[in-house]
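Visitor: I have a structure here, written as structure tokens, and I will follow up with some questions on it.
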Amino acid sequence: QLMESGGGAVQAGGALKLSCAASGFPLHPYAIGWFREAPGKERERVSCMSSSPDGAIEYADSVKGRFTISRHTDAMFLEMNNLQAEDTGVYYCAATYYEGRDCAPPWRVYDYWGQGTQVAVSS
């Protein structure tokens, strides 16, 4: 399972760091991703990272330059800077068994999901 932490409420321009710990399985063969559900919108993938240490990292256009994805042993992280009101939503970490240097395709059904953590940004 994946267990998230680190959400909260901040003002626009602020920062948060989300963490996600894997238990019951080793995270290293899995490609990872961070998703968010904004009110009234579909879930979107904001960032992904391949299972390969020197593989692909991708960001949604809306978060490029502000968010940073990382991983370390059995945990993954999302550092979010210069947060804006449109970043408000529930954030989910996810992992899918996908070897190689590429992110898993956006349509991939991920194998494990975190419980979600709320991020609220006030303007």
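Visitor: Using Cα-Cα distances under 8 Å and only pairs 6 or more residues apart, what relative contact order does the chain have, in percent?
Guide: Relative contact order for the chain comes out at 37 percent.
Visitor: Gln115's amide H: which non-local residues (gap 5+, or another chain) put their own amide H closer than 5 Å, with H modeled 1.01 Å from N in plane and none for Pro or chain starts?
Guide: Under 5 Å from the amide H of Gln115: Glu4.
Visitor: What Kirkwood hydrodynamic radius do you get for the range 3-55 when you take the inverse of the mean 1/r over all pairs of distinct Cα atoms, in Å?
Guide: 13.4
Visitor: Oh, and also: Which residue fluctuates most in the GNM of the chain (Cα springs below 10 Å): Arg36, Arg108, Arg66?
Guide: Arg108
Visitor: Mind listing the phi-derived Karplus ³J(HN,Hα) values for the range 13-26, rounded to whole Hz, using 6.51, -1.76 and 1.60 with θ = phi - 60°, and x for any glycine or proline?
Guide: With coefficients 6.51, -1.76 and 1.60, one gets x, x, 9, 9, 10, 8, 10, 8, 10, 8, 9, x, 7, x Hz.
Visitor: Please find, in a Gaussian network model of the chain (springs between Cα atoms separated by less than 10 Å), the residue of Ser62, Ser51, Ser70 whose mean-square fluctuation is greatest.
Guide: Ser62
Visitor: A follow-up question, please. Calculate one ³J(HN,Hα) per residue across the range 82-88 by plugging θ = phi - 60° into the Karplus curve 6.51 cos²θ - 1.76 cosθ + 1.60, and present them in order as whole Hz with x for glycine and proline.
Guide: Computed from phi, the couplings for the range 82-88 are 6, 5, 10, 4, 6, 7, 4 Hz.
Visitor: In whole Hz and in residue order, list the ³J(HN,Hα) couplings for the range 91-96 that follow from phi through the Karplus curve 6.51 cos²θ - 1.76 cosθ + 1.60, θ = phi - 60°; x for Gly and Pro.
Guide: For the range 91-96, the Karplus-derived couplings read 9, 10, 8, 8, 9, 9 Hz, x marking Gly and Pro.
Visitor: Counting only protein heavy atoms and using a 1.4 Å probe, what share of the accessible area of the chain belongs to carbon plus sulfur, as a whole percent?
Guide: The computed percentage sits at 50.
Visitor: Provide, in order from the shortest bin, the percent of all Cα-Cα pairs of the chain in each 5 Å bin, continuing until the bin that contains the maximum pair distance.
Guide: Calculated over all Cα pairs of the chain, the distribution is 2, 12, 24, 26, 20, 10, 5, 1, 0 percent.
Visitor: While we're here: Per residue, what accessible area does the chain have, given a 1.4 Å probe and all protein chains present, in Å²?
Guide: 51
The values are calculated or read from the model by the stated rules, or taken from the named source; none is laboratory data. No experiment lies behind these values; they were computed from the predicted model shown. With ligands, DNA and RNA removed, areas are computed over all heavy atoms of the protein, side chains included. Shrake-Rupley method; radii C 1.70, N 1.55, O 1.52, S 1.80 Å.
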